[in-house]
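A short write-up of the structure that comes next.
The values are calculated or read from the model by the stated rules, or taken from the named source; none is laboratory data. All figures in this text were calculated on a predicted structure; none of them were measured in a lab. Reconstructed Cβ throughout: ideal geometry from the backbone, glycine too, with neighbour counts over all protein chains shown.
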There are 2 protein chains.
Amino acid sequence: MTYTYEYSRPNLAVDCVVFGLDEPNSLKVMLIRRSLPPFQDQWALPGGFVRVDESVDAAARRELQEETGLKDVFLEQLYTFGLLDRDPRERVVTIAYYALVNLQEHLIQAATDASEAGWFSITQLPPLAFDHNEIIAVAIARLKGKVRYEPIGFELLPKKFTLSQLQTLYETVLGMPLDKRNFRKKILKMGLLIELDETQTEVAHRAARLYQFDESTYRQLKEKGFNFEL
Amino acid sequence: MTYTYEYSRPNLAVDCVVFGLDEPNSLKVMLIRRSLPPFQDQWALPGGFVRVDESVDAAARRELQEETGLKDVFLEQLYTFGLLDRDPRERVVTIAYYALVNLQEHLIQAATDASEAGWFSITQLPPLAFDHNEIIAVAIARLKGKVRYEPIGFELLPKKFTLSQLQTLYETVLGMPLDKRNFRKKILKMGLLIELDETQTEVAHRAARLYQFDESTYRQLKEKGFNFEL
DNA sequence: TCAAAAGTGTTCCGAATACACCCATGT
DNA sequence: ACATGGGTGTATTCGGAACACTTTTGA
């Protein structure tokens, strides 16, 4: 079965930049090794072609699950890359997405996936296939910008987290140190954290209190015009 | 001549949301009347299909010029709309762009273009073809957000403008009144406006001083980490 | 008892806000 | 002379930034 059109059509793909936060404050991206040409054996973003019977969002989710095992994660459209020579085979326009996952919970799945996959620090990326280095650069810029005025950073942490973890996350993503007391004051004043009756376990020092992001309160405040801003 | 592929491919289009600022503080969008089905005779965004030998950005600029006569305007990618049933004919994914133009300078061109074109207040839009109402909603949200931390608002004004015009622009886009003295203090302190030795002409009251946006100073400051913010 | 991180308040400074009158110009 | 918008300064408030020590816990 083949499909014939009056005019030549670009092929349409999706690519996903999956961010994870590694314990000693470094931001990582998940890459997979290509098993087919072009760029065979090079590292690349997970992605693939959009089918005619699925939405672009659905294609991004499908490819993410097929290639990395990830599902039910934060996934948002990033930008569409449409230059002529992105792909040496033929004209391909790709719609890039970025995902935020809790690396601890998802480490295993990625490693056991059929194709080789791995997490790479964003400061030490290998040369990637296609224009994927550029796509990642755009994704990092977006993440840095967005993390300040939307509470998306929580997606990178476990459901229950300490204030220090949260602060380290922001320091890592923003690439700057933050004052501990000011950070706590500000984030607690927003009223978006639920203080749990639990503390850390198995740490060799005073155990920190655990918190949880208050999704429903955030939605309510947002409707009333509240702006998250750190 | 026809083109045959192994798999069915979505068709790829671009659409442009062109914003203009009308004198008595109202934000307008340029629409064109469709001369062909589907949605014949309905209003729609200027746009069309991406050719295989042009980049997506180039396609947006080409369509904009072909359908509205506009060229050399601020044009930036907005979002890609990829739901299944956007177009009743076949699967079409569209990459939306938004443009900012000085309405005074561009009014004539639009009106004299071959296909019928017109400026519509964003508060009184007619029902549009496809999902174009949704695209415009996304574009308005983007403009509101971006105008505060990037100096793109100037694109909506003539090169030489008064501080009152600038203030009215922000009040219009943001949909809120601003204090005159505070606004002037803040915008002048940034050092991004060149005070000209010219004033308004042909106004029935005291003529206001004209200013110009200082593009090169802005680029320099931006490299040093300066953040425009209003 | 030591190491390591948790937790906690106050002062200071700069920016945002609120606010009202005189000035210049064309009709 | 009057109508219309242009242009200007100060006092107050609020939020951001800087800053150091005590507490808890496990090893």
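Scanning segment B:171-218 for residues that are more than 10 Å from DNA strand C (Cβ to nearest atom), closer than 26 Å to B:LYS144 by Cβ, away from chain A (no Cβ under 14 Å) and not hydrophobic (A, V, I, L, M, F, W, C) gives B:GLU171, B:THR172, B:GLY191, B:TYR211, B:GLN212, B:ASP214, B:GLU215, B:THR217, B:TYR218.
Of all residue pairs spaced 6 or more apart or on separate chains, those with beta-carbon atoms under 6 Å, a first member in segment B:134-159 that is part of a helix (DSSP H, G or I) and a second member that is among the aromatic types (Phe, Trp, Tyr) are B:VAL138/B:TYR79; B:ALA139/B:TYR98; B:PHE154/B:PHE213; B:GLU155/B:PHE74. Kindly evaluate A:GLU105 against the criterion of being more than 9 Å from chain B (Cβ to nearest Cβ), buried (at least 18 other Cβ atoms within 10 Å of the Cβ), more than 21 Å from B:TYR5 (Cβ to Cβ) and acidic (Asp, Glu). So A:GLU105 does not fit the description; no. In segment A:1-13, the residues that are at the interface with another protein chain (Cβ under 7 Å from one of its Cβ atoms) and among the basic types (Lys, Arg) reach residues that are surrounded by 13 or more Cβ atoms within 10 Å (Cβ to Cβ) and part of a loop (DSSP other than H, G, I, E, B) with C-beta atoms within less than 9 angstrom, at least six apart or across chains, in these pairs: A:ARG9/A:ARG91; A:ARG9/B:ARG9; A:ARG9/B:PRO10; A:ARG9/B:VAL50; A:ARG9/B:VAL52.
On the stretch given as segment B:210-225, residues that are within 12 Å of DNA strand D (Cβ to nearest atom) and surrounded by fewer than 16 Cβ atoms within 10 Å (Cβ to Cβ) total 0.
Of the residues making up segment A:179-205, those that are within 12 Å of DNA strand D (Cβ to nearest atom) and touching a Phe, Trp or Tyr at 6+ places or on another chain (Cβ under 8 Å) are A:PHE183, A:MET190. Set side by side, the residues A:LEU178, A:LEU221 differ, and just one is outside any loop (DSSP other than H, G, I, E, B) and not hydroxyl-bearing (Ser, Thr, Tyr), which is A:LEU221.
Name the residue, out of A:VAL29, A:VAL50, that is within 8 Å of chain B (Cβ to nearest Cβ) and touching a residue at least 12 places away in the same chain (Cβ under 8 Å). Explain how you work it out, then say what you get.
Details: A:VAL29 fails: within 8 Å of chain B (Cβ to nearest Cβ).
Of A:VAL29, A:VAL50, the one residue that is within 8 Å of chain B (Cβ to nearest Cβ) and touching a residue at least 12 places away in the same chain (Cβ under 8 Å) is A:VAL50.
Evaluate the following for B:THR80: is it under 19 Å from B:ILE136 (Cβ atoms) and within 12 Å of chain A (Cβ to nearest Cβ)? Yes; evaluated as a whole, the condition is true for this residue. Of the residues making up segment B:219-230, those that are more than 14 Å from chain A (Cβ to nearest Cβ) and either more than 26 Å from B:PHE19 (Cβ to Cβ) or away from DNA strand C (no atom under 12 Å from the Cβ) (or both) number 6.
Test of understanding: among B:VAL138, B:VAL147, which residue is more than 16 Å from DNA strand C (Cβ to nearest atom), surrounded by 14 or more Cβ atoms within 10 Å (Cβ to Cβ) and of a type in the set (A, V, I, L, M, F, W, C)? Lay out the reasoning, then the answer.
On the way: B:VAL147 fails: more than 16 Å from DNA strand C (Cβ to nearest atom).
Of the residues listed, the single one that is more than 16 Å from DNA strand C (Cβ to nearest atom), surrounded by 14 or more Cβ atoms within 10 Å (Cβ to Cβ) and of a type in the set (A, V, I, L, M, F, W, C) is B:VAL138.
Tell me which residues, restricted to segment B:14-25, are out of contact with any Ser or Thr (no Cβ under 6 Å at 6 or more places or on another chain) and either of a type outside the set (A, V, I, L, M, F, W, C) or within 13 Å of chain A (Cβ to nearest Cβ) (or both). Across segment B:14-25, the qualifying residues are B:VAL14, B:GLY20, B:ASP22, B:GLU23, B:PRO24. From the list B:ALA110, B:ALA141, B:ALA96, the lone residue that is modelled with pLDDT of 95 or more and closer than 15 Å to B:ALA44 by Cα is B:ALA96. Restricted to strands (runs of 3 or more DSSP E) entirely inside segment B:1-79, those with at least 3 residues that are closer than 17 Å to B:ALA129 by Cα are B:11-22, B:26-33, B:47-49.
Looking at segment B:29-64, which of the residues that are among the basic types (Lys, Arg) and surrounded by fewer than 20 Cβ atoms within 10 Å (Cβ to Cβ) is nearest to B:GLN77 (Cα to Cα)? Ranking the qualifying residues of segment B:29-64, first place goes to B:ARG62.
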